[in-house]
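Q: First the structure, which I've put down as structure tokens, then a few questions once you've had a look.
The values are calculated or read from the model by the stated rules, or taken from the named source; none is laboratory data. If you're wondering where the values come from, they're calculated on a predicted model, not measured in any experiment. Neighbour counts run over all protein chains shown; Cβ positions are idealised from the backbone, glycine included. For the accessible areas, the whole protein counts, side chains as well, though only heavy atoms, and no ligand, DNA or RNA atoms are used. Shrake-Rupley method; radii C 1.70, N 1.55, O 1.52, S 1.80 Å.
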Amino acid sequence: MPHSGHKGNGTVGVLRLWEVRPIQYGGDAFTSSNGSMAKQWSEGHSASILCVSASSGPEGLLASGAEGGEVTIWGQDGGIIGRLTLPGEEDITSVMFSPAGPTQLFVSHGDTVSVLDPKNLKGPVEDFQGAGEEEINALALNETSSALAVADDSGTVRVLEVPGGKVCRTLRRHTNICSSVAFRPHRPNNLVSVGLDMQVMLWGLQKTRPLWTINLQDVAEEDGHQQRPGQLFNPPLAHCVSVSSCGNMLGCAAEDGRVHLMRIGSGSKLEQHGAIKAHSQGASQAHFVSFLSHPYWLVTGGNDSHVALWDLSKHPVVSPEGKTPTTAPQRRKGKVKRKDQTLDKSKLKEEAKVEDEASANEEEESGPKLSISHGDKVNWLCPVVLKGEPNVIVADQSANLTVYPLSQP
């Protein structure tokens, strides 16, 4: 599958909007227009980097995967700790450290997931052959690393037991490529999946049908404010989904340039939804940042070659400011699609209009707190604390990584 534009704690105080312009540089470090030191990590790959992951261990290791089966382990300073090219040289579409510790790295290539020891990159410790029915696009691990979710080109999501790789759930509701999956923190049986069918689904893993489904195409068609002036029409194909560390907010980067937001309430119900108009072209990446001042910081990247940091704490989807939360309707005859709960279109239209107006007002008032003109399409973003400081690592069409600080100098 072609990727969309690909595929310790620090704190940040009040951030003001500042712009980092494209810069010509040849070394490992360069100075942005506002004096902030950005860095380039090079020589780890020979092909375009598709994915990046940061470990939660004390050493703070990072891993990147590239075209041609290349996997590289990096230290906090950008030094290369290990490199490996997997047999078959299939593109590395997703890398993920085990949340339970830095001794396991899960890597997807083709329909296989390989388990690597990042400190001893001599080859796979274990292979889950046929973990996906077709090429795998994304991986997600629950907080205990006991379950691994695999999203593939067939639209299927499989949940594997770890260790061993035994398939314990097969979820088939997407009608096109499933591009991204994420477990909800603190709720190990809740899984979110999104795909190029423009569907966002929340699953309770006790069952094989979603708890609810929202169609981003319905939202885009019915909210009356689909595109920015002059922006080419792009359908809201869903590329990347992220869940806030508190577990109650979803962010979904889509081809319409927006990041769609959903708030989940008690009983895993969808309470409210809206969007931020984040990019002038397709949004390929959206990641909540867990180590800033609150759980509603979001970093996004897109095909417009921009990276942006957003403070969503006052966004109406996050903070309704006394409004009664909008809930998804209960099951009713004539409002059920393939036996799963789907939003009533008439109510969806009303909610979307209200949310879009509120979202537009909020965006005009605040906008991104940090805007980076990176100069190349974004394949992947990885928020990370490096030597105690908040940063975001950007993978693009090149074989290098760029590290931008998330605070002012």
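Q: Is it fair to say residue 135 is within 25 Å of residue 237 (Cα to Cα), among the charged types (D, E, K, R), out of contact with any Leu (no Cβ under 8 Å at 6 or more places or on another chain) and open to solvent by 10 Å² or more (accessible area, probe 1.4 Å)?
A: It is true that residue 135 is within 25 Å of residue 237 (Cα to Cα), among the charged types (D, E, K, R), out of contact with any Leu (no Cβ under 8 Å at 6 or more places or on another chain) and open to solvent by 10 Å² or more (accessible area, probe 1.4 Å).
Q: Which one of 133, 89 is under 23 Å from the mean Cα position of the chain (by Cα) and among the charged types (D, E, K, R)?
A: Sole residue among the options that is under 23 Å from the mean Cα position of the chain (by Cα) and among the charged types (D, E, K, R): 133.
Q: So for region 144-162 (the condition being of a type in the set (Lys, Arg) and either modelled with pLDDT under 95 or open to solvent by 50 Å² or more (accessible area, probe 1.4 Å) (or both)), does at least one residue qualify?
A: No, region 144-162 has no match at all.
Q: Pairs under 9 Å by beta carbon, first residue assigned to a strand (DSSP E or B) in region 113-127, partner surrounded by fewer than 17 Cβ atoms within 10 Å (Cβ to Cβ) and among the β-branched types (Val, Ile, Thr), six or more apart or different chains?
A: Taking only residues 6 or more apart or on different chains, the pairs are 114/125; 115/125; 116/125.
Q: Got a number for residues in region 381-399 being over 13 Å from residue 39 (Cα atoms) and out of contact with any Asp or Glu (no Cβ under 8 Å at 6 or more places or on another chain)?
A: Looking only at that region, the number is 9.
Q: Give me the residue from region 36-50 that is in a strand (DSSP E or B) and farther than 10 Å from residue 80 by Cα and, out of that set, modelled with the lowest pLDDT.
A: Out of the qualifying residues, it is 37.
Q: Going by what's in this entry, would residue 83 be described as closer than 24 Å to residue 183 by Cβ, of a type outside the set (Val, Ile, Thr) and assigned to a strand (DSSP E or B)?
A: no
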